[in-house]
Amino acid sequence: MPTPVATITNLTATGDVIIGPGAIPNMVKGLPIACMGDAVAGPVCMTGVITMTTAINKLAKGRPTANIGSVVTGVGIPPLCLPVVTAVMVCPNVNEIV
């Protein structure tokens with residue numbers, strides 16, 4: 001089933017933000033499309049990346065695009081620095097689906 005495409009500034013389930021770099025020439029509502037390998041940071045995931053997506057056949061700048069449900073893997077806030085796994089959940093780009 002098609003799901004909305006994620007862009008830079010969209011949030012994960014833990015409130016972390018996709019920060020990029022994204023696919024600059026590919027814009028949705030004025031924001032670059034998020035892709036596998038894009039950085040994520042925020043209150044739970046200090047540093048992380050989008051590591052898996054269901055839109056593997058939709059490419060932007062040669063990388064699979066991220067969408068709702070794309071998996072983010074990273075490291076938590078110090079001092080514990082525990083592994084964090086979350087998913088992209090807030091994608092208000094309902095006009096664009098992948």
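Nothing in this text is a laboratory measurement; each read-out follows from the coordinates by a stated rule. Everything numeric in this text was worked out from a predicted model, so none of it was measured.
Listing for the model above:
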{"item": "Region 1-84: translational diffusion in µm²/s, Stokes-Einstein, Kirkwood Rh over Cα pairs, 20 °C, 1.002 mPa s", "result": "170"}
{"item": "J(HN,Hα) series, region 21-27, from Karplus relation 6.51 cos²θ - 1.76 cosθ + 1.60, nearest Hz, glycine and proline x", "result": "x, x, 10, 3, x, 9, 10"}
{"item": "Contact order relative to length of the chain, as percent, for alpha carbon pairs under 8 angstrom and 6 or more apart", "result": "32"}
